[in-house]
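The structure under discussion appears below in the form of structure tokens.
The values are calculated or read from the model by the stated rules, or taken from the named source; none is laboratory data. Nothing here was measured: the structure is a model prediction, and the numbers come from that model. Cβ atoms come from the backbone with ideal geometry, glycine included; neighbour counts cover every protein chain shown. When the accessible area is computed, the model is the full protein with side chains, heavy atoms only, and any ligands, DNA or RNA have been set aside. Shrake-Rupley method; radii C 1.70, N 1.55, O 1.52, S 1.80 Å.
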Amino acid sequence: MAAAGLEAVLRRDRVIVAAALAALTVFAWAYILWLAATMDMGGHPDGGQGNPMSGMAMPGKPGMGDGGIVMPQLAPWSAGEALLMLVMWTVMMIGMMTPSAAPMILLYARVGRQAEQQGKPFAATAWFAAGYLASWVAFSVLATAAQWALEQGALLTPMMTSASPVLGGLALIGAGLYQWTPFKDTCLTQCQSPLAFIQRHGGFRRQRGGAFSLGVRHGAYCIGCCWALMALLFVVGVMNIVWIAALAVLVLIEKVTPAGRTMSRIAGVGLAAAGLAMLAGLIGTACAVC
């Protein structure tokens, strides 16, 4: 009877945690879609006009060079624009990564409930989840800084895609090769086996700080697994919805399916081939001009 009661509680907990994760994911994707639609229409998410990413001078404004050629005139971001970009990256990472983290979080919630029934409660699952998301917030800070640096170097277009085909091709090749590296294997292994990860890193935690730090560590492994894929958004477009969705699906397949490692390497071959094709096209164009 007690076992049946515990199983009913565990089922209820799974439903509650899964619903919370689903709601978080839906909210994040709704924001991403709204932001992408706003920028496609040339609008500014805060109600203004124009792409907040572009510091380029426009025709008829300061920045015109001799002969009427528009010269790049980069302006620093305002505090509001920097915050907007940080929010964009953070919400995007939450939307992309929460589904693949769900098995780990659900496992933590299940074992935590069992421990509570035995009189040895762990810290609430929310602390572990918060630590995981905090890792991706830190990644978003770095991504925002990278976006600012690329813009200042005139390497991003106003639509937030790569302005350098050479850089884009090299980024695709680099991301493809990274899919085959031992470091990728190590990080992916940590992400694929939730219980093994917990056991390797000292088990479940009773203290809130310990649970939070365990979540941070798990998030760090996920970043190690996926950072090169996320960097591709600078090539194809930071708000390219098709690529955001495709990368999210790839990450999910890598982490939660038995064929995850195989799919990871297949994707690596495809990315590297796309990068080589891009560079080959540039060489062919240059030769034709000559």
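Taking 0.36 nm per residue of separation and subtracting the Cα-Cα distance, what length does fully extending Thr161 through Ala124 add?
9.2 nm
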Label points 7 Å out from Cα along the Cβ direction at Ala20 and Trp180: separation in nm? 4.3
How would you classify the stretch 185-229 from its alpha-carbon gyration tensor, with a ≥ b ≥ c the square roots of the eigenvalues: rounded for a/c under 1.5, else prolate if a/b is greater than b/c, otherwise oblate? oblate
Can you give the extra length, in nm with one decimal, that the chain gains between Ala288 and Leu276 once fully stretched, where that is 0.36 nm per residue apart less the Cα-Cα distance? 2.5 nm
Counting only protein heavy atoms, what percent of the accessible surface of the stretch 193-290 is carbon or sulfur at a 1.4 Å probe? 71
List residues of the stretch 82-100, by number, whose backbone nitrogen lies under 20 Å from a label position 7 Å along Cα→C-beta of Gln152. 82-89
Can you give the local net charge around Ala134? Use residues other than it whose beta-carbon is closer than 14 angstrom to its beta-carbon, Lys and Arg +1, Asp and Glu -1. +2
FRET efficiency estimate (nearest 0.05) - Cβ-Cβ, Thr257 to Gln114, R0 30 angstrom: 0.70
FRET efficiency estimate (nearest 0.05) - Cβ-Cβ, Ile241 to Gln199, R0 51 angstrom: 0.85
How big is D for the stretch 133-290, in µm² s⁻¹ as a whole number, if Stokes-Einstein is applied with the Kirkwood radius of its Cα pairs at 10 °C and 1.306 mPa s? 93
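Give the accessible surface of the stretch 93-133 per residue, rounded to a whole number of Å², with probe radius 1.4 Å and ligands, DNA and RNA excluded.
Heavy-atom accessible area per residue stands at 38 Å².
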Label-to-label distance, nm, for residues given as Val87 and Val141 (7 Å Cα→Cβ offset): 1.9
